[in-house]
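Heads up: the structure comes next, in structure tokens.
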Amino acid sequence: MNASEFRRRGKEMVDYVANYMEGIEGRQVYPDVEPGYLRPLIPAAAPQEPDTFEDIINDVEKIIMPGVTHWHSPYFFAYFPTASSYPAMLADMLCGAIGCIGFSWAASPACTELETVMMDWLGKMLELPKAFLNEKAGEGGGVIQGSASEATLVALLAARTKVIHRLQAASPELTQAAIMEKLVAYSSDQAHSSVERAGLIGGVKLKAIPSDGNFAMRASALQEALERDKAAGLIPFFMVATLGTTTCCSFDNLLEVGPICNKEDMWLHVDAAYAGSAFICPEFRHLLNGVEFADSFNFNPHKWLLVNFDCSAMWVKKRTDLTGAFRLDPTYLKHSHQDSGLITDYRHWQIPLGRRFRSLKMWFVFRMYGVKGLQAYIRKHVLLSHEFESLVRQDPRFEICVEVILGLVCFRLKGSNKVNEALLQRINSAKKIHLVPCHLRDKFVLRFAICSRTVESAHVQRAWEHIKELAADVLRAERE
Ligand SMILES: *Cc1c(COP(=O)(O)O)cnc(C)c1O
């Protein structure tokens, strides 16, 4: 493909994408295919002679689209939102064109510098404490990670290194292995599975603190665990507090937990993967109170802030905690500015070496929506979730399971888990809307998450009518 064909095909592709987005509502949100559907539809090996662009684009509708779950359909209410906007898609095109690998400042100065500034812009939108910003050449700063899971892992590994150095400085005879055996990290029992996984990958114990009646981690349960574990000779070193849990969007009590972590010299990482985007609205900012106690904070603009995957924003108060933990300087990666103190080499902040120019997406989105546009977007979703909540509350057969704070509604039929499982099964086999469940303690619960950029009140109402009809079927079947 040469530049002139690229011009033509690029315009066709933009039309295809715009048509896809405009027509997405007419597509069945969840596909009909069975596992293994795709292999028989394509050749067993790559073509020896080139195919044409037409061949490929025709196959997109024939082979790919039938197996796509349409995450941006206004009838998609599963998981949490994943961001999508036209400015972000356009910026991603440019990112692909520049195609730099921004592991160090010298590897592409704009890639590094725009990221630093965008992370400050975003930090200011959230009113993050100044200690997390890079602006005044302080000790803090932000970095774009690929995912919240990576951010948690990076924080855990940095915390692990930090505590090992601290203990070895006091007692040089201690081996790393002897220390690691005793290290223990904590999160609430509602934390995302990626937290447990970070513990597995990091080779340290991770303990779940029982959450309270509102699914929040509280001081008393944490204190109890700390006392028990310290008495058993363990070394508490790391805590993940969650703001906006994946199951039910509950909030750990940072104002209680934070000071305990500080007093115990434990690294506090705050995971606000979904809810973080809402903190750009002054009326939701109080949910972030207590972040001042944290060592690192992370949320996903790629969930709810219109910046397409991947873009996970992580800030640390002391960037040397990260950069000192994993630093290696082979000759081929060295450059003349690296020790000037003026620049950032993001390769020291993350696990991979390579990194894309992801801040372009933030720059385009923040400028084309403006903070006000982004706030309006969040508010609209929160309003829609409350609309769904009030529909549910009007029907005495149903109950709301947790206070609705942002864009997620956890609800169920009053009655057994079996009847709720049957309802979810009917919903997801009808494929008009898509939901996923969760367990809250021993209860099977349906999650209704406001997801799509284009979802409106009419979609929410249609979804509710549909759920009610299926619920009537389930209840009738149960009586028979
Ligand atoms: C979605 C989610 C994650 C995982 O996010 P990734 O970016 O996919 O790793 C982690 N924590 C919470 C609370 C989440 O909701």
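Those residues that are more than 18 Å from Asp120 (Cα to Cα) and outside any helix (DSSP H, G or I), I need them from the range 351-397; list them, please.
Passing the criteria: Ile351, Pro352, Leu353, Gly354, Arg355, Arg356, Gln394, Asp395, Pro396, Arg397.
Which of the residues that make up the range 194-215 are within 28 Å of Val402 (Cα to Cα) and out of contact with any helix residue (DSSP H, G or I) (no Cβ under 9 Å at 6 or more places or on another chain)?
Glu196, Gly213, Asn214, Phe215
Looking at the range 322-333 only, could you name the residues that are surrounded by fewer than 19 Cβ atoms within 10 Å (Cβ to Cβ), assigned to a helix (DSSP H, G or I) and either modelled with pLDDT of 90 or more or not β-branched (Val, Ile, Thr) (or both)?
Within the range 322-333, Tyr332, Leu333 qualify.
In the range 264-282, which residues are within 13 Å of the ligand (Cβ to nearest atom) and farther than 26 Å from Pro236 by Cα?
The answer is Tyr274, Ala275, Gly276, Ser277, Ala278.
What is the residue count in the range 259-279 for residues that are touching a Cys at 6+ places or on another chain (Cβ under 9 Å) and in a helix (DSSP H, G or I)?
Counting residues in the range 259-279 that are touching a Cys at 6+ places or on another chain (Cβ under 9 Å) and in a helix (DSSP H, G or I) gives 1.
Being of a type in the set (Asp, Glu), in contact with a strand residue (DSSP E or B) (Cβ under 9 Å, 6 or more places away or on another chain) and part of a helix (DSSP H, G or I) narrows it down to one of Glu465, Glu469, Glu421, so name that one.
Numbers: Glu465 fails: in contact with a strand residue (DSSP E or B) (Cβ under 9 Å, 6 or more places away or on another chain); Glu469 fails: in contact with a strand residue (DSSP E or B) (Cβ under 9 Å, 6 or more places away or on another chain).
Every option except Glu421 fails the conditions.
A quick yes/no check of all residues on (1) more than 11 Å from the ligand (Cβ to nearest atom); (2) among the charged types (D, E, K, R); (3) free of Cβ contacts under 8 Å to residues at least 12 places away in the same chain:
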position	(1), (2), (3)
Val240	no, no, no
Asp252	no, yes, no
Leu255	yes, no, no
Asn262	yes, no, no
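Being within 16 Å of the ligand (Cβ to nearest atom), under 16 Å from the mean Cα position of the chain (by Cα), surrounded by fewer than 23 Cβ atoms within 10 Å (Cβ to Cβ) and touching a residue at least 12 places away in the same chain (Cβ under 8 Å) narrows it down to one residue among Asn308, Asn298; which is it?
Asn308
Given Leu234, Leu222, which one is touching a residue at least 24 places away in the same chain (Cβ under 8 Å), crowded, with 18+ Cβ neighbours inside 10 Å and away from the ligand (no atom under 14 Å from the Cβ)?
Leu222
Out of (1) at pLDDT 95 or above; (2) buried (at least 17 other Cβ atoms within 10 Å of the Cβ), the odd one out for Ser108 is which?
Going through (1) at pLDDT 95 or above; (2) buried (at least 17 other Cβ atoms within 10 Å of the Cβ) one by one, Ser108 breaks only (1).
Please count how many residues of the range 216-250 are of a type in the set (A, V, I, L, M) and part of a loop (DSSP other than H, G, I, E, B).
Number satisfying all stated conditions: 4.
Only one of these is over 30 Å from His302 (Cα atoms) and free of Cβ contacts under 8 Å to residues at least 60 places away in the same chain: Arg479, Arg397. Name it.
Of Arg479, Arg397, the one residue that is over 30 Å from His302 (Cα atoms) and free of Cβ contacts under 8 Å to residues at least 60 places away in the same chain is Arg479.
On the basis of being away from the ligand (no atom under 16 Å from the Cβ), free of Cβ contacts under 8 Å to residues at least 40 places away in the same chain and closer than 17 Å to Arg367 by Cβ, does Lys124 make the cut?
Yes; evaluated as a whole, the condition is true for this residue.
Pairs only if they're at least six apart or on different chains, beta carbon under 8 angstrom, first in the range 67-81 and free of Cβ contacts under 8 Å to residues at least 60 places away in the same chain, second away from the ligand (no atom under 16 Å from the Cβ) and among the β-branched types (Val, Ile, Thr); list them, first residue then second.
Hits for this filter: Gly67/Val33; His70/Ile24; His70/Val29.
Among the residues of the range 95-112, are any of a type outside the set (A, V, I, L, M, F, W, C) and within 16 Å of the ligand (Cβ to nearest atom)?
Within the range 95-112 (the criterion being of a type outside the set (A, V, I, L, M, F, W, C) and within 16 Å of the ligand (Cβ to nearest atom)), the answer is no, since none of the residues qualifies.
Any residue in the range 413-440 that is within 15 Å of His70 (Cα to Cα) and without any contact (Cβ under 8 Å) to a residue 60 or more places away in the chain sitting within a Cβ distance under 6 Å of a residue that is surrounded by 14 or more Cβ atoms within 10 Å (Cβ to Cβ) and aromatic (Phe, Trp, Tyr)? List the pairs, counting only those 6 or more apart or interchain.
Correct list of pairs: empty, since none qualify.
Restricting to the range 130-158, give me the number of residues that are more than 9 Å from the ligand (Cβ to nearest atom) and in contact (Cβ under 8 Å) with a residue 12 or more places away in the chain.
Of the residues in the range 130-158, 17 are more than 9 Å from the ligand (Cβ to nearest atom) and in contact (Cβ under 8 Å) with a residue 12 or more places away in the chain.
Just one of (1) in a helix (DSSP H, G or I); (2) over 25 Å from Arg166 (Cβ atoms); (3) more than 14 Å from the ligand (Cβ to nearest atom) trips up Gly213, so point out which.
Checking Gly213 against (1) in a helix (DSSP H, G or I); (2) over 25 Å from Arg166 (Cβ atoms); (3) more than 14 Å from the ligand (Cβ to nearest atom), the one that fails is (1).
The values are calculated or read from the model by the stated rules, or taken from the named source; none is laboratory data. Just so we're clear, the structure is a prediction, and the values are computed from it rather than from any experiment. All Cβ positions, glycine included, derive from the backbone under ideal geometry; neighbour counts span all protein chains shown.
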